[in-house]
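> The structure's right below; bear with me while I get my questions together.
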Amino acid sequence: MTKLNSKIPQGPVATKWSSYKDHIALVNPSNKRKLDIIVVGTGLAGASAAASLGALGFKVKAFCYQDSPRRAHSIAAQGGINASKNYQNDGDSVYRLFYDTIKGGDYRAREGNVYRLAEVSGSIIDQSVALGVPFAREYGGLLDNRSFGGAQVSRTFYARGQTGQQLLLGAYSAMSRQVSLGNVESYTRHEMLDVVIIDGRARGIIARNLVTGEIERHSAHAVVLATGGYGNVFFLSTNAMGSNATAIWKAYKKGAFFGNPCFTQIHPTCIPVHGDFQSKLTLMSESLRNDGRIWVPKRKEDVDALRHNKMKPKDIAEENRDYYLERRYPAFGNLVPRDVASRAAKERCDAGFGVGETGLAVYLDFADSIKRLGCNVIEERYGNLFQMYQKIVDENPYENPMMIYPAVHYTMGGLWVDYDLMSTVKGLFVAGEANFSDHGANRLGASALMQGLADGYFVLPYTIQNYLADQINVPRFKTDLPEFDESEKQVQARLQKLFDVKGTKPVDHFHRQLGKIMWEYVGMARNKAGLQKAITLIREVRAEFWKDVKITGEFNEVNPELEKAGRVADFIELGELMAIDALNREESCGGHFREEYQTPEGEALRNDDDFMYVAAWEYIGDDKTPVLNKEPLEYEAIEVKQRNYK
Amino acid sequence: MDFTLKIWRQKNAKAKGKFVTYKINGISDSSSFLEMLDVFNDQQVTKGEDPVVFDHDCREGICGTCSLYINGRPHGPDDAVTTCQLHMRKFKDGDTIVIEPWRSKAFPVIRDLMVDRQAFDKIIQAGGFISVNTGGIPDANAILIPKQNADSSMDAAACIGCGACVAACKNASAMLFVAAKVSHFALLPQGKAEATRRVQAMVAKMDELGFGNCTNTGACEAECPKEISIENIARMNREFLGAKIGSQKKVVKEGGF
Amino acid sequence: MGNKLISYSSITKKVVMALAGLFLISFLVVHLGINLLLLSNDDGASFMVAVGFMTTNPLVKIMEIFLMGGFAIHMVIGVFIQIQNWLARPVRYKVAGYSHLSFFSKYMIHTGAIIFIFLCIHFTNFYFVKLGLVNPPTGVGKEDFYQMATLLFADRFYAVLYVVLMIFLGFHLHHAFQSAFQTLGLSHTKYTPFIKVVGTIYSIVVPLGFASIPLFFIFIK
């Protein structure tokens, strides 16, 4: 029998959340002041949680590794945020958003959670507007919407190409207000290095002050991890340089199960890789697919001519262009979900039709839209993205089509959580990208922002309260308890161990190696032999890392090499778990594509009989294969079908 | 491409810093400035020397973490970019590049090129918010906002809080940063309710933290990676005067008139 | 004084300074108008009528106090915020910034200081004479400003110095004019370009008008 209890409330999906809210236990205001909550990470989920919990009266400590909470990587989200407001009168509803999300996730997400997400999505927009988020508006003064991949309605709210930034600044300002009111304490340049568990409940963290190098102990009645995704396992990704999996990985090692680690999202519209020195990939918002048409040449000779600069893309005649997304998916065209668009690009490039110097790129062409709408409309919609592209690539996208290629962008997997967003460790909550919950095997565009803010503003304030209701008599924890001693000792020992290697190669060397293995074998297309090979190779990198890594500087000072080393050591272990999970999941679904399991047309082929479950991995010790726990997925409100975007 | 780098090295906040000259060779012109520093740091580590510490994170020009005062300009010799978006093709082969940290009393150096910008957080905490709690909010379309106001508000809200304005200003003034936040809210009906309190509190905090005074040189606007206009500073001055002259009671203790 | 000034907000200080500056700017026009009478070919008769009015009219007397106050406030605040501004960057850059939009704005304290020195000379030559603090040149009455001016401009060195100082005044005014409007919050996409043009014209015409007098005395008279 499974150890997992998802605690989904009884009743029809549409009333689960309201009946949950009606029946939870509450904490009265004077008791809230006596309860401490630690929030790690200050992105959309973390900042909104800290702000909301602070506003309720809890004492919150918010941690981030950045120099300011405002810089969490949510800030880089460009395109928009979904909400089922149906302002456009185009047939949107809570159910439709719920349905699109489940379907987009290829039927690997939990119905109850996703319905709740769709249900609170409208309130997120209300909340954000009230906090001063300057969403795009129409001349009449009402909010504007755009359409996004995987949906046939326009439900995406946006603030130019900086929606994530504006939403995060909204949450950050709300959090800052709580700081000024004394409800939230902000700890910047702090990295969490362990969870402290007392009597089976998460009661604190060990964090390193990145300025002084000091190891600090912080206690609380509950801990929230909102530390984002682990796309940086791939070295090159659209994540920030500092984005890391250390917090969730430490929690995993302390007993939190890891859900669906292999579910990675490869974003179709990124600027292609251009050199070995490259440190990160830059995303071009998916919203570009609204007005851009994706194509490659039909004829090999054109491909050659393009590669040797004998020809410009605009010289290729219309009939010699292959608008492969429009060809394969006439109903959704360029707006198919991300996993589909990414694989289609890979398919064309693998077949030898890729463009650019490396042959690993496809065109995203705005010529038609510029003709139809005029240059100024395109500039108004995407000006900053075009400018960004030009700065990086040194080519004018108004004149020549952009070149794009898929890149790692988001991880649907994460720590397993129940309906309360609580992990398998009591009192350890996980929110936003760090948890596995709402996106199944593939996330739709503009849904990450929605989920992060839903968790922080509207879910955690209820579920944490419910959890803490019977803890009101538990006094504040002292940080000199033996559990803190033990945890700190482990953290110190590990850091010391890293220093003691005294090898010859910098940390980045190993990170690059890991990234190459992951991209090659655990990337867009996976197969059994490749995954087995990946596991062997990752173990080799791991052994090599602990033999030959070189860290300069000292312990008690600003030491970015030490920070990176700790993170990469965790990435290596997590990479292995991803490969193990991908190997176990003998089906294709969403972002997880096993070459052995595809339809004759090359579409993902699910195996619902054997794999309609969440794979929640349980840590049982270093060098031991983790134990697989299954949470079966049951669909009551939605009929499970083969995804079809044709 | 080959370069000579003159980099400010400083062990910690208390130590005395100095410029150290390095050579770096074989840099691709399509590499970004920070990637050049990555290569440099890899070489430093391999040699067993301390890599140069600098702030950076998203590397796509939006998080505002990266800084660097390069050859006399914050974010280097290109307009409307952050250092992470600056590419080496903007330099000539063989150039000498002088890299300094942001210099301001309110931004003390932590190490090498890394500075402490918590002062900006403190200014926001003083009033850079709209005082609403989570929940109980009317529908987002309940209040109409003219498109023009929403757009101008967005122009101001685009600030990434990197501090280039302070670094560029000969007076190390933070007026553009504060004005951007004040304008962002002042242009929205949601921000009006506490506008008078906000502007006074934020200006008072800014003064207290030791930033210089604005002398309208316009350097901040010229160097702002998000091209935020000094019109916002005029707007803040207006808001501030209106608040001071119009308000009946003293809203903020510190700061006086 | 210092403590009191600190407790005022930076914007308040700047607004007061801008208002004082604008007042001085408007005064300059009056001053120039009277000075230009020196050019009229009547051996200073009309000039002396104007001087007579300016030295006896009670309203002008009151304005004189305001004017001195304006100078004092403008300078004291100017120096004070300059010191604050220097303190705001205790460690300077190795490579000086070159990104400033307005060239003259960088040197306001310097041009201001030069104008202040000139003002001291100017006061010694005229205003203090009138007040009786300084003896007039031999054979000249203490309110005979026409004679004083004629004598001074006859000195080539002084005349050249005067012209050079007017150039610096122009530099100072060029930034000051539009900056004052910005500080007062009077910025508008439609009107600000107009203000800038007016400021530029003002900063050229007014110093040029002043400078024309010594030039007239040297070359024409």
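Quick note: the coordinates plus some simple rules give every number you see, no bench work behind them. Bear in mind that the values here come from a model prediction, so they are computed numbers and not experimental data. Note that each Cβ is placed from the backbone with ideal geometry, even for glycine, and that neighbours are counted across all protein chains shown.
> Assign unit charges at the C-beta atoms only (+1 for Lys and Arg, -1 for Asp and Glu), then state the dipole size of the stretch A:12-80 relative to its Cα centre in Debye, rounded to the nearest 20.
Its charge dipole is roughly 180 debye.
> If you project the alpha carbons of chain A onto the principal axes, what extent comes out on each, in Å, largest first?
That gives 74, 61, 48 Å along the principal axes, largest extent first.
> Still on this structure, please answer the following. For B:A167, what is the net charge nearby, where nearby means another residue's Cβ is under 13 Å from its Cβ and Lys, Arg count +1, Asp, Glu -1?
Charge balance near B:A167 sits at +4.
> Roughly how far apart, in whole Å, are the Cα centres of the stretch C:200-221 and the stretch A:390-450?
69 Å
> Further question on the same structure: If you plug each phi of the stretch A:35-41 into the Karplus form 6.51 cos²θ - 1.76 cosθ + 1.60 with θ = phi - 60°, what whole-Hz ³J(HN,Hα) values come out, in order, with x for Gly and Pro?
10, 9, 10, 9, 10, 9, x
> For chain C, find the longest principal axis of its Cα atoms and tell me its angle to the long axis of helix C:108-122, 0 to 90°, nearest 10.
20 degrees
> Next question, about the same structure. Aspartates and glutamates near B:K192 by alpha-carbon distance under 15 Å, same-chain residues fewer than 8 away left out - which ones?
Answer for B:K192, where 15 Å is the Cα cut-off: B:E239, listed by chain and number.
> Within the stretch A:284-406, what is the number of lysine pairs with alpha carbons under 19 Å apart, leaving out pairs fewer than eight places apart on the same chain?
Here the count comes out as 10.
> For the protein assembly as shown, what D do you get in µm² per second when you plug the Kirkwood radius from alpha-carbon pairs into Stokes-Einstein at 25 °C and 0.890 mPa s?
Rounded, D is 77 µm²/s.
> Which order do the peptides B:15-28, B:95-108 come out in when sorted by mean C-beta neighbours inside 10 angstrom, highest first?
Answer by packing, highest mean first, reads B:95-108, B:15-28.
> How much net charge surrounds A:N442 when only other residues with a Cβ under 12 Å from its Cβ are counted (Lys, Arg +1; Asp, Glu -1)?
So the surrounding residues net to +3.
> Follow-up. Mind jotting down the distance between the C-alpha centroids of the stretch A:36-56 and the stretch C:53-112, whole Å?
The stretch C:53-112 and the stretch A:36-56 have Cα centres separated by 47 Å.
> Now a separate question. Where does the Debye-calculated log10 I(q)/I(0) of the stretch B:3-110 sit at q = 0.12, 0.18, 0.21 Å⁻¹, using only Cα point scatterers of equal weight, no solvent?
Treating every Cα as an identical point scatterer, log10 I(q)/I(0) equals -0.39, -0.92, -1.28.
> Find which of A:Q78, A:A50, A:Y99 sits farthest along the positive direction of the dipole of the stretch A:18-131, computed with +1 on the beta-carbon of Lys and Arg, -1 on that of Asp and Glu, about the Cα centre.
Highest projection toward the positive end goes to A:A50.
> How about B:K6: which aspartates and glutamates have a C-alpha closer than 14 Å to its C-alpha, ignoring those fewer than 8 places off in the same chain?
B:D95, B:E100, B:D112
> Where nothing but the Cβ of Lys and Arg (+1) and of Asp and Glu (-1) is charged, how large is the charge dipole of chain B around its Cα centre, in debye to the nearest 20?
The calculated dipole for chain B is roughly 1160 debye.
> Could you give the dipole magnitude of chain C about its Cα centre, charging the beta-carbon of Lys and Arg +1 and that of Asp and Glu -1, in debye to the nearest 20?
On the way: 14 positive and 6 negative charges, 214 e Å.
With Lys and Arg at +1 and Asp and Glu at -1, about 1020 debye.
> Let me ask you something else. Could you run the Karplus curve 6.51 cos²θ - 1.76 cosθ + 1.60 with θ = phi - 60° over the stretch A:540-545 and give me ³J(HN,Hα) per residue in whole Hz, x for Gly and Pro?
5, 4, 4, 4, 4, 4
> Across the stretch A:47-56, in residue order, what do the Karplus-derived ³J(HN,Hα) couplings come to in whole Hz, using 6.51 cos²θ - 1.76 cosθ + 1.60 with θ = phi - 60° and x for Gly and Pro?
Taking θ as phi minus 60°, the curve returns 5, 5, 5, 4, 5, 5, 5, x, 5, 6 Hz for the stretch A:47-56.
> Another question, then. For the protein assembly as shown, give me the percentage of DSSP beta bridges that are antiparallel, rounded to the nearest 5 percent.
Bridges in the protein assembly as shown are about 70 percent antiparallel.
> Sticking with this structure for a sec: Volume per residue, Å³, of the convex hull around the alpha-carbon atoms of the stretch A:284-406? Working shown, then result.
Working: hull volume 12.6 nm³, N = 123.
Dividing the Cα hull volume of the stretch A:284-406 by its residue count gives 102 Å³.
> Still on this structure, please answer the following. Determine the sum of side-chain charges near A:E540: Lys and Arg each +1, Asp and Glu each -1, restricted to other residues whose C-beta is under 12 angstrom from that of A:E540.
+1
> Still on this structure: Run a plain Debye calculation on the stretch C:1-130 (Cα atoms as equal point scatterers, no solvent) and give log10 I(q)/I(0) at q = 0.17 Å⁻¹, rounded to two decimals, same order as the q list.
For the stretch C:1-130 at q = 0.17 Å⁻¹, log10 I(q)/I(0) is -1.06.
> Of B:K205/C:K14; B:K205/C:K13; A:K3/A:K34; A:K502/A:K564, which ones are farther than 25 Å apart at the Cα? Can you show the working numbers first?
Working: B:K205/C:K14 17 Å; B:K205/C:K13 16 Å; A:K3/A:K34 32 Å; A:K502/A:K564 15 Å.
Distance filter (> 25 Å) returns A:K3/A:K34.
> Once amide H atoms are placed 1.01 Å from N in the peptide plane, what residues at a sequence separation of 5 or more from A:L633, or on another chain, have their amide H within under 5 Å of its amide H?
Sorted by chain and number, the residues that satisfy this are A:Y613, A:V614.
> Given 10 Å bins starting at zero, what is the percent of C-alpha pairs of chain B in each, up to the one with the largest pair distance?
Spelled out per bin, shortest first, that is 7, 28, 30, 19, 11, 4, 0.
> Could you tell me which of C:F71, C:V16, C:F126 has its Cα farthest along the dipole of the stretch C:1-160 towards the positive end, charges placed at Cβ (Lys, Arg +1; Asp, Glu -1), taken about the Cα centre?
Farthest towards the positive pole: C:V16.
> Here's a follow-up. Report, ordered by chain and residue number, the lysines lying within cross-link reach of B:K14, taken as a straight Cα distance under 20 Å and ignoring same-chain residues fewer than 8 apart.
Of all the lysines, those that pass the test against B:K14 - Cα under 20 Å, at least 8 places apart if same chain - are B:K105, C:K94.
> Which of A:G427, A:N629, A:V233 sits farthest toward the positive end of the charge dipole of chain A, with +1 on the Cβ of Lys and Arg and -1 on the Cβ of Asp and Glu?
My answer, from the dipole projection, is A:G427.
> Quick one: of A:K254/A:K478; A:K59/A:K550; A:K550/B:K11; A:K497/B:K23; A:K426/A:K624, which pairs are farther than 30 Å apart, Cα to Cα? The partial results should precede the final answer.
Details: A:K254/A:K478 20 Å; A:K59/A:K550 41 Å; A:K550/B:K11 20 Å; A:K497/B:K23 33 Å; A:K426/A:K624 24 Å.
Distance filter (> 30 Å) returns A:K59/A:K550; A:K497/B:K23.
> If you find the alpha carbon centre of the stretch A:457-496 and of the stretch B:1-58, how far apart are they in angstrom?
What the calculation gives is 39 Å, centre to centre.
> Ok, one more. Hey, what number do you get for chain A at 222 nm if only DSSP H runs of n ≥ 4 count, each worth -39500 (n - 2.57), divided across all residues, to the nearest 500? Could the numbers behind the result be given before it?
Values: 19 runs with 235 residues, N = 646.
After summing the helix terms and dividing by the residues of chain A, the value is -11500 deg cm²/dmol.
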